[in-house]
Every structure is written in structure tokens, then in C-alpha cells.
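Data first, discussion second: the structure below is written as C-alpha cells.
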Amino acid sequence: MSSAVPYVSQDLPKDPPVTTFLWQVSSNPTRVRATGECPACRCVTTRVWEEYQHVPKGPAADGWKEFATGKPRYARCRCTTWHTGRPADADDGCGASFYVALPPQGLSL
Ligand SMILES: [Zn+2]
Ligand SMILES: [Zn+2]
């Protein structure tokens with residue numbers, strides 16, 4: 001929880017994925033939310049996946065299915081802490097992107 005961590009645009013290694021995030025699923029529309037501590041800056045950050053009901057098919061729908069496979073999902077830090085050096089075109093986060101592990105049993109949507 002420190003703004004002393006400077007903004008660094010970085011992709012953290014895919015392996016191992018972050019396992020400490022809390023997953024929540026809600027419906028109508030289907031929405032998946034993962035909340036946890038960013039592995040880079042240690043701020044709490046939330047990644048949300050939403051179902052866009054006007055696009056029932058296509059790449060987005062395929063990505064949606066991956067929740068059942070248990071594959072780690074890509075997330076970008078979206079913390080609200082001010083990290084020094086954040087570029088003007090970045091609204092939030094510390095610049096880190098990482099992969100979040102799904103629960104061992106996957107998510108049933
Ligand atoms: Zn971060
Ligand atoms: Zn942060």
C-alpha cells in the first residue's frame with residue numbers, strides 16, 4: 001500500500017500465477033470479479049469480466065468459456081494508488097500485468 005513503488009510497465013511471468021485472489025460470480029448479466037493484492041505493488045486491485053449480452057458469440061464468448069477450464073486469467077493492476085511516473089494515458093495501476101489462478105475447481109457460470 002505504498003505510493004513509493006514507481007510505475008513500471010511490466011508483464012510478470014505467467015508461471016506461477018497469483019493464487020491469492022478472491023473470485024466472485026454474479027449473474028444477469030454474468031460478471032466475474034477477482035480481487036486481491038497486486039504482486040508488484042501490493043495494492044488491492046480488482047479485475048472484472050462482464051458478459052456483453054449484445055455480443056452472444058465470438059472471441060469474447062470463447063474467452064468466457066475459459067473460466068470453466070481453470071486456466072489462469074490475464075489481469076492488469078488497476079489499483080487506485082498513485083505510483084510515481086505513471087504515464088498520462090494510464091488511469092490507474094502500477095503498470096504490472098499478471099496472471100491470476102482460478103479456484104482449483106474452476107468457476108461455474
Ligand atoms: Zn500494482
Ligand atoms: Zn498499486
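Once you list every other residue whose beta carbon is under 15 Å from the beta carbon of residue 40, what net charge do they have if Lys and Arg are +1 and Asp and Glu are -1?
Taking every other residue near residue 40 into account, the sum is +3.
Quick one: helix 59-69 against the long Cα principal axis of the chain, what's the angle to the nearest 10°, folded into 0 to 90?
90
With the Cα gyration tensor of the chain in hand, convert its eigenvalues to equivalent ellipsoid semi-axes via √(5λ) and list them largest first in whole Å.
26, 16, 12
Could you list which residues have their amide H under 5 Å from that of residue 18, counting only those 5 or more apart in sequence or on another chain, with H placed in the peptide plane?
99, 100, 101
222 nm [θ] for the chain, helices only, -39500 (n - 2.57) per DSSP H run of 4+, per residue, to 500?
The helix-only estimate for the chain comes to -3000 deg cm²/dmol at 222 nm.
Taken together, the values in this text are just the output of simple stated rules run on the coordinates, not laboratory data. On a predicted model such as this, the values are computed, not experimentally measured, just so you know. We place every Cβ from the backbone using ideal geometry, glycine too, and count neighbours over all the protein chains shown.
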